[in-house]
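Structure first, then comments.
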Amino acid sequence: MPVKTIEGQLNAKGIKVALVAARFNDFIVDRLISGAIDYLVRHGASEEDLTLVRLPGAFELPIAAQKLARSGNYDGVVVLGAVIRGATPHFDYVCSECAKGVAHATMETGVPMGFGLLTCDTLDQAIERAGSKGGNKGVEAASAMLETVRVLEQL
Ligand code: INI
């Protein structure tokens, strides 16, 4: 007997999405935003159903993601930011607090969140992952959010 398998179709028709993005390193984050929007629209989402919210840095993203998810107005949230290691331990705190906060917000609200936070040692690594040879982390995060929304609808 075949195993009953539940999978998500990557169909974004009718989906309402909030994109929550940091202004810090905006020349990188803007590429993640356009990648995520392009992905969602090419998979059937309507631009009127997408809302972009900008925050100062990655540290501030979880609280906005949580409030948007709690509003009941969105099927999913895409969190986008870029943290690039500097000379101080600030990097580690910002990355881990953003990851923890987003994990908490998605579990607490039950709203799927794509985690598109680049955590890189160098600017070159961030550029690679923002629409060049390493792909685009914004696209990946939008796709993961969409797939999760479609799976949860069936559970
Ligand atoms: N925020 C980022 O989004 N990326 C970074 O690389 C970064 N660095 O390196 O400091 C960063 N810091 C700001 C932080 O997210 C907060 O906005 C700030 O601490 C004010 O609360």
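Consider region 8-41 and keep the residues that are basic (Lys, Arg) and in a loop (DSSP other than H, G, I, E, B). The one that is farthest from the chain's Cα centre (by Cα) is LYS13. Applying the selection to region 55-69, what residues are away from the ligand (no atom under 11 Å from the Cβ) and either closer than 12 Å to VAL17 by Cβ or not aliphatic (A, V, I, L, M) (or both)? ALA65, GLN66, LYS67, LEU68, ALA69 - these are the residues of region 55-69 that are away from the ligand (no atom under 11 Å from the Cβ) and either closer than 12 Å to VAL17 by Cβ or not aliphatic (A, V, I, L, M) (or both).
Provide a single number: the residues in region 118-151 that are open to solvent by less than 20 Å² (accessible area, probe 1.4 Å), touching a helix residue (DSSP H, G or I) at 6+ places or on another chain (Cβ under 7 Å) and under 17 Å from ALA99 (Cβ atoms). Of the residues in that region, 5 qualify. Number of residues in region 7-42 that are more than 27 Å from LEU123 (Cα to Cα) and among the small types (Gly, Ala, Ser): the value is 3. Residue-level check: of (1) within 14 Å of VAL149 (Cβ to Cβ); (2) in a loop (DSSP other than H, G, I, E, B); (3) of a type in the set (A, V, I, L, M), MET1 misses just (1).
Picking from residues in region 4-36 that are in contact with a Gly (Cβ under 8 Å, 6 or more places away or on another chain) and of a type in the set (Val, Ile, Thr), the one that is nearest to VAL151 (Cα to Cα) is ILE15.
Screening GLY81 with (1) within 19 Å of ASP124 (Cα to Cα); (2) surrounded by 15 or more Cβ atoms within 10 Å (Cβ to Cβ); (3) over 13 Å from the mean Cα position of the chain (by Cα) gives one miss only, at (3). Each residue in region 89-112 was checked for being within 15 Å of VAL78 (Cβ to Cβ) and open to solvent by 70 Å² or more (accessible area, probe 1.4 Å), and 0 pass. Can you list residue pairs whose Cβ atoms sit under 7 Å apart, with the first residue in region 1-15 being over 10 Å from HIS43 (Cβ atoms) and the second being part of a loop (DSSP other than H, G, I, E, B)? Count only pairs 6 or more apart in sequence or on different chains. Qualifying pairs under 7 Å: ILE6/GLN154; ILE6/LEU155.
Could you tell me whether region 90-101 includes any residue that is more than 10 Å from the ligand (Cβ to nearest atom), touching a Gly at 6+ places or on another chain (Cβ under 7 Å) and not hydrophobic (A, V, I, L, M, F, W, C)? No, the conditions are met nowhere in region 90-101. Sort through GLY72, GLY86, GLY44 and tell me the only one that's open to solvent by less than 80 Å² (accessible area, probe 1.4 Å), within 16 Å of the ligand (Cβ to nearest atom) and part of a loop (DSSP other than H, G, I, E, B). That would be GLY86, the only listed residue that is open to solvent by less than 80 Å² (accessible area, probe 1.4 Å), within 16 Å of the ligand (Cβ to nearest atom) and part of a loop (DSSP other than H, G, I, E, B).
Answer with yes or no whether ARG31 is within 16 Å of the ligand (Cβ to nearest atom) and open to solvent by 60 Å² or more (accessible area, probe 1.4 Å). Answer is yes for this residue.
The values are calculated or read from the model by the stated rules, or taken from the named source; none is laboratory data. It should be emphasised that the depicted structure is a prediction, and the values quoted were computed from it without experimental measurement. Cβ sites come from the backbone with ideal geometry, for glycine too, and all protein chains shown count toward neighbours. Side chains are part of the model used for accessible areas, which takes the heavy atoms of the whole protein and leaves out ligands, DNA and RNA. Shrake-Rupley method; radii C 1.70, N 1.55, O 1.52, S 1.80 Å.
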